[in-house]
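S.K.: Structure incoming, see below.
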Amino acid sequence: MPINRRELTGAALAMALGTSGAAARTETRMSDLQTAGDAPVSVGSVGIKARDVGTLASYYKDVIGLNEVSRRAGAIVLGVGDRPLLEIEEFKTGRPDDPRSAGLFHTAFLLPSRSDLARWARRAIERQIPVTGASDHLVSEAIYLDDPEGNGIEIYADRPRSAWPREGDTVKMATLPLDVRGLLAELGPSDAGWTGAPEGSLVGHVHLRVGDAAEAETWWNSELGFDTMQHYGGSAVFLATGGYHHHVGANSWQSAGAKHRDADRTGLSFVEFKSRNATSESVYEDPWGNVIRVVPA
């Protein structure tokens, strides 16, 4: 699912796609869905290394709506309630992340309902928050942006699993323009608006930059037992457990032929997965040095 990386502000997005005064629809909340977190193995949290921990933490609090869960010397952990979702580690001497290398493409924050996504979108429009794309993926609707150090972010809401189109044993996904007008129509005139990431928000999936998508597919299949859910040509693969559309994306759109990740760069530190079958923590590295932790759920 390649993303259109045109730089847009929230206001430009609204002007291009319009707004609507239509009546709000009946929302479907995450409690009504079989979610990313219900799978045997799901994303728990993501760690990133940053040159300015304070600035990055403030961004994720203000723009994404996370709260501080804990801190220690050189690191701040953010999440929703007491659930940690993002750990930001201090790396003042690190070189900036290179988008042509292996690493983090984006962290995808899954909101409990379409209305929650609409609230976030309306706030982005009102505050003119820069976004890099907005897409309908058939299984979900998503808005993309980058944090101040260039780490990709996705804010999304799933459609009910019963509505996901299928291709045999796999899920069909696509990249279509997001119907922003229809999304905003979820909100009635008396809606209270965005007040931060709501309870139940989680990291639904993580998307990685790799040197070769086929090699990544083999690694995730054999090392961690993830199922292949869809290919996008030969340059991207989407993998999951429990029939979710994807817990992991791996692409070589910008990073084809990338070698082992440089340890002296900011960006991805680790991805932590929670496994119902694990009894202790295990640590893996994919062929490009992306660190994957698996801990008991």
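S.K.: Tell me, yes or no, whether the range 212-227 has at least one residue that is farther than 25 Å from Arg159 by Cβ and assigned to a loop (DSSP other than H, G, I, E, B).
M.R.: Yes, some residue in the range 212-227 is farther than 25 Å from Arg159 by Cβ and assigned to a loop (DSSP other than H, G, I, E, B).
S.K.: With the condition being out of contact with any helix residue (DSSP H, G or I) (no Cβ under 9 Å at 6 or more places or on another chain) and under 24 Å from Ser101 (Cα atoms), I'd like the strands (runs of 3 or more DSSP E) fully within the range 124-183 carrying at least 2 qualifying residues.
M.R.: Working: elements: 133-136, 140-146, 152-158.
It comes to 140-146, 152-158.
S.K.: Then there's this: Return the pair list, or none, for Cβ contacts closer than 7 Å from residues in the range 47-70 that are farther than 21 Å from Val291 by Cα to residues that are in a helix (DSSP H, G or I), at least 6 apart or on different chains.
M.R.: The qualifying pairs are Leu66/Tyr60; Asn67/Lys61.
S.K.: Taking the stated definitions as given, is Asp191 over 20 Å from the mean Cα position of the chain (by Cα) and charged (D, E, K, R)?
M.R.: yes
S.K.: Among the residues of the range 269-276, is there at least one that is out of contact with any Asp or Glu (no Cβ under 7 Å at 6 or more places or on another chain), surrounded by fewer than 18 Cβ atoms within 10 Å (Cβ to Cβ) and more than 23 Å from Arg51 (Cα to Cα)?
M.R.: Within the range 269-276, one or more residues are out of contact with any Asp or Glu (no Cβ under 7 Å at 6 or more places or on another chain), surrounded by fewer than 18 Cβ atoms within 10 Å (Cβ to Cβ) and more than 23 Å from Arg51 (Cα to Cα).
S.K.: Do you know which residues across the range 228-237 are surrounded by 14 or more Cβ atoms within 10 Å (Cβ to Cβ) and either among the small types (Gly, Ala, Ser) or assigned to a helix (DSSP H, G or I) (or both)?
M.R.: Ser235, Ala236
S.K.: Among the listed residues Ser235, Ser282, Ser269, which satisfies the condition of being farther than 24 Å from Ile153 by Cβ and among the polar types (S, T, N, Q)?
M.R.: Residue meeting the stated conditions: Ser282.
S.K.: Another question about this same structure. Just to be sure I understand, how many residues within the range 125-139 are more than 17 Å from the chain's Cα centre (by Cα) and either of a type in the set (Val, Ile, Thr) or buried (at least 21 other Cβ atoms within 10 Å of the Cβ) (or both)?
M.R.: Final tally of qualifying residues: 2.
S.K.: Return the residues of the range 189-211 that are surrounded by 14 or more Cβ atoms within 10 Å (Cβ to Cβ), part of a loop (DSSP other than H, G, I, E, B) and either in contact with a Leu (Cβ under 6 Å, 6 or more places away or on another chain) or of a type in the set (A, V, I, L, M, F, W, C) (or both); say none if nothing qualifies.
M.R.: The answer is Trp194, Ala197, Ser201, Val210.
Coordinate-derived values only; no laboratory data. Nothing here was measured: the structure is a model prediction, and the numbers come from that model. A quick note on method: Cβ atoms are made from the backbone with ideal geometry, for glycine too, and the neighbour counts reach across all protein chains shown.
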